[in-house]
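J.: Below are the structure tokens for one structure; questions will follow.
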Amino acid sequence: MNAYIAGTGSYFPPGLLTNQMLENMVDTSDEWIYQRTGIRTRHIAGDMSVLDLAEQAAKNALEQAGHPNCDMIAVSTCTPDMFYPSVACRLGARLGIDNAFCFDLSGACTGFIQAIEVAGNAIQTGSAKTALVVAAEKLSSGVDYTDRNTCILFGDAAGAFVMSGGGSEHVKASYMASRNQDWACLYADIGGHMVMNGRDVYKFAVDVMPEAMGKVLERAGKTIEQVRWIIPHQANIRIIKAAAQRFNLPDEKLVVTLDKTGNTSSATIPCIVDEMHREGKLQPGDLILLVAFGAGLTYGAVLYEW
Ligand code: ACO
């Protein structure tokens, strides 16, 4: 059975952390942050847990999909609030979903792309009928707010898809990969803060984003000209522009939202898709290319026909 997106949802907590507020916390400036990253502000969860964020986004997506029975819950998070049980099991308890295959997946910023790959395959083979796929990230819980190299980059959010089976083929192709030898560029120990070599992550991202885009197009037998929207992971505007340049992409195909959210790790892509969907920007037949990279180092892309 072909998998398709039956509903989308997103949630940003109300608390804001602006560049001006960061100027009072570390030695930085609004000008430096905006010029080097493209970020102006981010949402911060405060007392809300990862599970709280996940619940809000999931409810939005389930409502839009007409509250189907879900037999799979997949949650992507690199900031879980418990070792176990999974966020997925506790989310199921909150939503009253029982007897589902529930698991969390730790792919960092690539995690949501990986989760829809797993859910889509499960639907295609018949082992799941309807999957709730969520990315929930509370990066503020693991960032050191005395480290100007990292604390300016990240925000909190959750996004969700309901994926069901039926109809024509929507997932045209996917490509998942990793460079595991370089994992120490970006990590957090249990209970510790994020450690990042920003320059190395930057070089990696600029290299692998075009690779993943090229591979997924090749697998689908499509050209970049046929793609309506490129929805890249939002880490740094300079990374997005550099990847776009390699494909000579016109600005109007490229979706950029990080000025108002910062990097929300794996929640980034479903939140953008949800916003575009609710604004009526996604039309049946539009090809959308989702592409992400993150800790691992992982990367991947999915080409989806709306
Ligand atoms: N304000 C002012 N100055 C700063 C700041 C800041 N917030 N941060 C760093 N600097 C200084 C540095 O100390 C350095 O000073 P020096 O030259 O005296 O040593 C100077 O600015 C330049 O530093 P660079 O690291 O070279 O700056 P760069 O232009 O590379 O930008 C950045 C840094 C924004 C981190 C960039 O490298 C980047 O975006 N990297 C990718 C990071 C990323 O995407 N991480 C998330 C991956 S996704 C996931 O899985 C979570």
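J.: For segment 203-254, what are the residues that are in contact with a Lys or Arg (Cβ under 6 Å, 6 or more places away or on another chain) and open to solvent by less than 10 Å² (accessible area, probe 1.4 Å)?
T.: Hit for segment 203-254 is Ile230, nothing else.
J.: Another one. Considering only segment 135-187, state which residues are hydrophobic (A, V, I, L, M, F, W, C), over 24 Å from Val302 (Cα atoms) and open to solvent by 30 Å² or more (accessible area, probe 1.4 Å).
T.: Ala184
J.: Scan segment 142-167 for residues that are out of contact with any helix residue (DSSP H, G or I) (no Cβ under 8 Å at 6 or more places or on another chain) and more than 13 Å from the ligand (Cβ to nearest atom) and jot them down.
T.: Those that are out of contact with any helix residue (DSSP H, G or I) (no Cβ under 8 Å at 6 or more places or on another chain) and more than 13 Å from the ligand (Cβ to nearest atom): Gly166, Gly167.
J.: On to the next question. In this structure, does Thr150 turn out to be touching a residue at least 12 places away in the same chain (Cβ under 8 Å), under 26 Å from Ile33 (Cα atoms), more than 15 Å from the chain's Cα centre (by Cα) and not in a helix (DSSP H, G or I)?
T.: On the way: touching a residue at least 12 places away in the same chain (Cβ under 8 Å): yes; under 26 Å from Ile33 (Cα atoms): yes; more than 15 Å from the chain's Cα centre (by Cα): yes; not in a helix (DSSP H, G or I): yes.
The answer is yes for Thr150.
Yes/no per residue for (1) modelled with pLDDT of 95 or more; (2) assigned to a helix (DSSP H, G or I):
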{"residue": "Ala212", "(1), (2)": "yes, yes"}
{"residue": "Glu218", "(1), (2)": "yes, yes"}
{"residue": "Ile231", "(1), (2)": "yes, no"}
{"residue": "Gln234", "(1), (2)": "yes, no"}
{"residue": "Leu249", "(1), (2)": "no, no"}
{"residue": "Val273", "(1), (2)": "yes, yes"}
{"residue": "Phe293", "(1), (2)": "yes, no"}
{"residue": "Tyr299", "(1), (2)": "yes, no"}
{"residue": "Val302", "(1), (2)": "yes, no"}
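For every residue, the table says whether it meets (1) in contact with a Lys or Arg (Cβ under 7 Å, 6 or more places away or on another chain); (2) buried (at least 18 other Cβ atoms within 10 Å of the Cβ).
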site: Asn19; (1), (2): yes, yes
site: Met25; (1), (2): no, no
site: Thr28; (1), (2): yes, no
site: Glu31; (1), (2): no, no
site: Leu53; (1), (2): yes, yes
site: Leu62; (1), (2): no, yes
site: Gly66; (1), (2): no, no
site: Ser76; (1), (2): no, yes
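J.: Restricting to segment 108-130, name every residue that is away from the ligand (no atom under 15 Å from the Cβ) and open to solvent by less than 20 Å² (accessible area, probe 1.4 Å). Reasoning before the result, please.
T.: We begin by selecting, within segment 108-130, every residue away from the ligand (no atom under 15 Å from the Cβ); these are 116-130.
Answer for segment 108-130, where residues must be away from the ligand (no atom under 15 Å from the Cβ) and open to solvent by less than 20 Å² (accessible area, probe 1.4 Å): Ile116, Ala119, Gly120, Ala122, Ile123, Ala128, Thr130.
J.: Let me ask something else. Restricting attention to segment 168-183, and to residues there that are within 13 Å of the ligand (Cβ to nearest atom) and assigned to a helix (DSSP H, G or I), which single residue is farthest from Ala57 (Cα to Cα)? Lay out the reasoning, then the answer.
T.: Looking only at segment 168-183, we keep the residues that are within 13 Å of the ligand (Cβ to nearest atom), and these are 178-179, 182-183.
Next, only the ones that are assigned to a helix (DSSP H, G or I) stay: 182-183.
Working: Asp182: 32, Trp183: 30 Å.
Only one residue fits best here, namely Asp182.
J.: Follow-up question, since we're still on this one. When Phe293 is evaluated against the numbered criteria (1) at negative phi; (2) away from the ligand (no atom under 11 Å from the Cβ); (3) touching a Phe, Trp or Tyr at 6+ places or on another chain (Cβ under 9 Å), which criterion, by number, is the only one it fails?
T.: (2)
J.: Residue check: is Ile113 under 26 Å from Leu287 (Cβ atoms), modelled with pLDDT of 95 or more and in a strand (DSSP E or B)? I'd like the intermediate steps shown before the answer.
T.: Working: under 26 Å from Leu287 (Cβ atoms): yes; modelled with pLDDT of 95 or more: yes; in a strand (DSSP E or B): no.
For Ile113, the condition - under 26 Å from Leu287 (Cβ atoms), modelled with pLDDT of 95 or more and in a strand (DSSP E or B) - is not met.
J.: Please verify whether segment 131-141 includes one or more residues that are within 20 Å of the chain's Cα centre (by Cα), among the basic types (Lys, Arg) and within 15 Å of the ligand (Cβ to nearest atom).
T.: Pass one, segment 131-141, residues within 20 Å of the chain's Cα centre (by Cα): 131-141.
Okay, now just the ones that are also among the basic types (Lys, Arg), so 138.
Subsequent filtering for residues that are within 15 Å of the ligand (Cβ to nearest atom) retains 138.
Yes, because at least one residue in segment 131-141 is within 20 Å of the chain's Cα centre (by Cα), among the basic types (Lys, Arg) and within 15 Å of the ligand (Cβ to nearest atom).
The values are calculated or read from the model by the stated rules, or taken from the named source; none is laboratory data. No experiment lies behind these values; they were computed from the predicted model shown. Here Cβ is always computed from backbone atoms with ideal geometry, including for glycine, and neighbour counts include all displayed protein chains. To get the accessible areas, we keep the full protein, side chains included, count just its heavy atoms, and leave off ligands, DNA and RNA. Shrake-Rupley method; radii C 1.70, N 1.55, O 1.52, S 1.80 Å.
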